[in-house]
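J.: I have a structure here, written as structure tokens, and I will follow up with some questions on it.
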Amino acid sequence: MTTSSPKVALVTGAARGIGLAAVRCFLADGWRVALLDIDGDGLAATIAHLAAPERTLALPCDVSDAGAVARGVGAIATRFGRLDAVVNNAGIAVFKPLMDTTPEEWQRVLAVNLTGPFLVIQAAVPLLRDSGGGAIVNITSISALRASTLRVAYGASKAGLAHLTKQCAVELAALGIRVNGVAPGPVETAMAKAVHTPEIRADYRDAIPLGRYGLEDELAEAIYFLCGDRASYITGQILAVDGGFDAAGIGLP
Ligand code: NAD
């Protein structure tokens, strides 16, 4: 397969938030992008707004559905003929302590946040390999680095994803595929608006040296860097983009 055609990225959870900001970075640099999201209506609206029909592909899909993920990657092969980067960004948050988390909530958070990236990586590797290698970036969380109450399922899923990142980095290096993670601190998105109470917001402000939430674009820049050739010797790493939260070591309640 030639490397002369524009590169192709697959971004999950691309209809809004951090995923959409990453899509914009790829498009701005001439890439073609497959946007995958469970929210088909939101995806359609996003694609229309991006106004780049020849360089975008909408894939309505639940990342926890192996068959749907395989069909999505097949559609990328048919439409674009190659794949150079995968961003496993789709995720859900249930903020509850251990004793309030139902088995159904636990299973769903694990299915979307951990099994989803596993399925996407398995489906994408043959096309990445046939395209000459590439990069995978998994979006974990500072909740993977620090334990706290309220995040039992979410934190466990993201810690699992952080380790999956390292496993895949070691195994896929021989195929020329780099695998890294980005661990966001709190970012002003629909997810944060849904689960961050005023108390949680105050706790974060006190624990983050830069004293504010991150912006979607600040996360997207880190994701895009790790997907590109400038990160050619970086694999198996989790980059915290968190305003200094992890460095400061101030715990959340
Ligand atoms: P968001 O809720 O704004 O966007 C997530 C997108 O993923 C949505 O478009 C949603 O429809 C999609 N999605 C959800 N479940 C899906 C599924 N099963 N299959 C396909 N798509 C699905 O969230 P965000 O804040 O932009 O978060 C993006 C990623 O960053 C998530 O993995 C999240 O856990 C992580 N993260 C966010 C924050 C934060 O404060 N916002 C902090 C740390 C980590």
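J.: Suppose we filter segment 10-31 for residues that are outside any helix (DSSP H, G or I), within 14 Å of the ligand (Cβ to nearest atom) and on the phi > 0 side of the Ramachandran plot; how many remain?
T.: 1
Residue by residue, here is whether (1) in a loop (DSSP other than H, G, I, E, B); (2) surrounded by fewer than 17 Cβ atoms within 10 Å (Cβ to Cβ); (3) of a type in the set (A, V, I, L, M) holds:
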position: Ala58; (1), (2), (3): no, no, yes
position: Val63; (1), (2), (3): yes, no, yes
position: Val73; (1), (2), (3): no, no, yes
position: Gln107; (1), (2), (3): no, yes, no
position: Val112; (1), (2), (3): no, no, yes
position: Phe118; (1), (2), (3): no, no, no
position: Ala124; (1), (2), (3): no, no, yes
position: Leu128; (1), (2), (3): no, no, yes
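J.: Considering only residues that are in a helix (DSSP H, G or I) and more than 17 Å from Ala75 (Cα to Cα), which ones fall in segment 32-44?
T.: If the condition is that a residue be in a helix (DSSP H, G or I) and more than 17 Å from Ala75 (Cα to Cα), then Asp41, Gly42 are the ones that fit.
J.: Given the conditions (1) in a helix (DSSP H, G or I); (2) touching a strand residue (DSSP E or B) at 6+ places or on another chain (Cβ under 9 Å); (3) closer than 21 Å to Arg146 by Cα; (4) not hydroxyl-bearing (Ser, Thr, Tyr), report the number of the one that Glu171 does not fulfil.
T.: Evaluating Glu171 over (1) in a helix (DSSP H, G or I); (2) touching a strand residue (DSSP E or B) at 6+ places or on another chain (Cβ under 9 Å); (3) closer than 21 Å to Arg146 by Cα; (4) not hydroxyl-bearing (Ser, Thr, Tyr) leaves (3) as the failure.
J.: Condition first: β-branched (Val, Ile, Thr) and more than 12 Å from the ligand (Cβ to nearest atom). Now tell me which residues in segment 184-235 satisfy that.
T.: Result: Thr197, Ile234, Thr235.
J.: While we're on this one: Checking the conditions here, which among Arg212, Arg230 is part of a loop (DSSP other than H, G, I, E, B), of a type outside the set (Val, Ile, Thr), closer than 25 Å to Arg24 by Cα and over 18 Å from the mean Cα position of the chain (by Cα)? Give the derivation first.
T.: On the way: Arg230 fails: part of a loop (DSSP other than H, G, I, E, B).
None of the others qualify; the one that does is Arg212.
J.: Moving on to the next point. Test Thr2 against the stated conditions and say whether it is β-branched (Val, Ile, Thr), surrounded by fewer than 20 Cβ atoms within 10 Å (Cβ to Cβ) and either within 29 Å of Ala192 (Cα to Cα) or modelled with pLDDT under 95 (or both).
T.: On the way: β-branched (Val, Ile, Thr): yes; surrounded by fewer than 20 Cβ atoms within 10 Å (Cβ to Cβ): yes; either within 29 Å of Ala192 (Cα to Cα) or modelled with pLDDT under 95 (or both): yes.
So Thr2 passes the test.
J.: Hey, could you check segment 32-58 for residues that are without any contact (Cβ under 8 Å) to a residue 40 or more places away in the chain and near the ligand (Cβ under 9 Å from one of its atoms) and say which is nearest to Ser157 (Cα to Cα)?
T.: Asp39
J.: Looking at (1) outside any loop (DSSP other than H, G, I, E, B); (2) within 15 Å of the ligand (Cβ to nearest atom); (3) of a type outside the set (Val, Ile, Thr), find the lone condition where Arg178 falls short.
T.: Among (1) outside any loop (DSSP other than H, G, I, E, B); (2) within 15 Å of the ligand (Cβ to nearest atom); (3) of a type outside the set (Val, Ile, Thr), the lone unmet condition for Arg178 is (2).
J.: If we scan segment 82-95, do we find a residue that is among the small types (Gly, Ala, Ser), within 16 Å of the ligand (Cβ to nearest atom) and assigned to a helix (DSSP H, G or I)?
T.: No, segment 82-95 contains no residue that is among the small types (Gly, Ala, Ser), within 16 Å of the ligand (Cβ to nearest atom) and assigned to a helix (DSSP H, G or I).
J.: Cβ-Cβ under 7 Å, sequence separation 6+ or interchain: first residue in segment 79-105 and in contact (Cβ under 8 Å) with a residue 60 or more places away in the chain and over 30 Å from Thr235 (Cβ atoms), partner aliphatic (A, V, I, L, M) and within 16 Å of the ligand (Cβ to nearest atom). Which pairs?
T.: As it stands, the answer is Val94/Val109; Val94/Ala153; Phe95/Leu150; Phe95/Val195, since those pairs meet every condition given.
J.: Within segment 130-156, which residues are among the aliphatic types (A, V, I, L, M) and outside any helix (DSSP H, G or I)? Outline the logic, then answer.
T.: Initial filter on segment 130-156 (among the aliphatic types (A, V, I, L, M)): 135-137, 139, 142, 144-145, 147, 150, 152-153, 156.
Across segment 130-156, the qualifying residues are Ala135, Ile136, Val137, Ile139, Leu145, Ala147, Leu150.
The values are calculated or read from the model by the stated rules, or taken from the named source; none is laboratory data. A quick note: this is a predicted structure, and the numbers were derived from the prediction, not measured. Counting neighbours? That spans all protein chains shown, and the Cβs are built from the backbone with ideal geometry, glycine included.
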